[in-house]
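Single-structure report; data block below.
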């Protein structure tokens, strides 16, 4: 096979070959080619997957993808600036449109390209013979999705803790974890999932305006209820977020109004009935936990602030939820840094050991430390 050499002067056409996005993963692909050569592929990932779209928004998203395909292809086109561009006739790309976009007035023609059976807004990934919905969700435009800010600790965490109903210790003889019921019982407990989910909802659906005058308590209570009623699996556009006036962050707001927050976030039953709990009764393989670790790392790096269910089963020496906001490689795997609703003053590290394929937590006031299973929740239809 003869190797193709890039000869700028010999190239006669530039092709917009294909583009698509997998709604299940958020992966976007944009394909371009010169003349009849093999396509070049640009890849990016939209945070917040998996996504769900109704028909109207899917149509709008397809159009947005076509625009992205055209804009992102400009730099590839300029590598040779050939006189012809090959694009799909339904993209309404005319010589005048392309010339204005790429700054080249010498373009003489734009051809409809019928060589590929797929549309420019593909609904299935390359090589996938089972179509899946592709493209970003309502309220999640590409431009905003790509610049979603990172979760900040302690600013995006609550100022008050989820108190433990029991006190925990290690038995000096057996080495096992033992527990005693606290007396008197704490006033706010069994809400680790509620608080972790709510922190994610505030991160995704609220914003704070410290320059504005604070609202009365009843208004704050209504807005807390509005935030926690929104889907933690989605993200609101900045202008659609619920505004809390007079405070710079969730940390400051919850420190000033702890009782309003406690009353508005939700009852303890919501921790028990989280729909992803079914997964904990099924055993994990080490390969499965390795895959989950990579998925969690990608979610953190995409600034999705994943809520992680950490547990042991069937012993249930721990059954807890944390929010991961940073990840870094270690000599043996990965270290996740998390917001722990039980201890809001200090980040909680969680290590993943690649060799044995297991997550590990350090000792805390509610867990003696050691291996745990972990997976992301509030992230899909069944979680």
> Taking the range 218-239, which residues are surrounded by fewer than 21 Cβ atoms within 10 Å (Cβ to Cβ), at pLDDT 95 or above and more than 30 Å from residue 366 (Cα to Cα)?
Replying inline: 218, 219, 221, 222, 223, 226, 230
> Somewhere in the range 218-236, is a residue part of a helix (DSSP H, G or I) and under 20 Å from the mean Cα position of the chain (by Cα)?
Replying inline: yes
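Name the single residue, out of those in the range 258-271 being in contact (Cβ under 8 Å) with a residue 24 or more places away in the chain and out of contact with any helix residue (DSSP H, G or I) (no Cβ under 6 Å at 6 or more places or on another chain), that is surrounded by the fewest Cβ atoms within 10 Å (Cβ to Cβ).
This residue is 267.
Does any residue of the range 67-79 turn out to be under 21 Å from the mean Cα position of the chain (by Cα), within 30 Å of residue 378 (Cα to Cα) and at pLDDT 70 or above?
Checked the range 67-79: at least one residue is under 21 Å from the mean Cα position of the chain (by Cα), within 30 Å of residue 378 (Cα to Cα) and at pLDDT 70 or above.
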>> Is it the case, given these coordinates, that residue 49 is surrounded by 15 or more Cβ atoms within 10 Å (Cβ to Cβ) and at pLDDT below 75?
In response: yes
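Go over the candidates 244, 203, 193 one by one and state the one that is surrounded by 22 or more Cβ atoms within 10 Å (Cβ to Cβ), within 19 Å of the chain's Cα centre (by Cα), more than 16 Å from residue 154 (Cα to Cα) and at pLDDT 95 or above. Lay out the reasoning, then the answer.
Working: 244 fails: within 19 Å of the chain's Cα centre (by Cα); 203 fails: more than 16 Å from residue 154 (Cα to Cα).
On inspection, the qualifying residue turns out to be 193.
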> Can you name the residue in the range 369-383 that is modelled with pLDDT of 90 or more and not in a strand (DSSP E or B) and is also surrounded by the fewest Cβ atoms within 10 Å (Cβ to Cβ) among such residues?
Replying inline: 369
>> Is it the case, given these coordinates, that residue 313 is surrounded by fewer than 22 Cβ atoms within 10 Å (Cβ to Cβ) and touching a strand residue (DSSP E or B) at 6+ places or on another chain (Cβ under 8 Å)?
In response: yes
>> Restricting to the range 343-360, name every residue that is more than 23 Å from the chain's Cα centre (by Cα) and either surrounded by 20 or more Cβ atoms within 10 Å (Cβ to Cβ) or under 21 Å from residue 151 (Cα atoms) (or both).
In response: 343, 345, 346
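The values are calculated or read from the model by the stated rules, or taken from the named source; none is laboratory data. Predicted, not measured: the structure shown is a model, and the values here were computed from it. Positions of Cβ are generated from backbone atoms using ideal geometry, with glycine treated the same way; all protein chains shown enter the neighbour counts.
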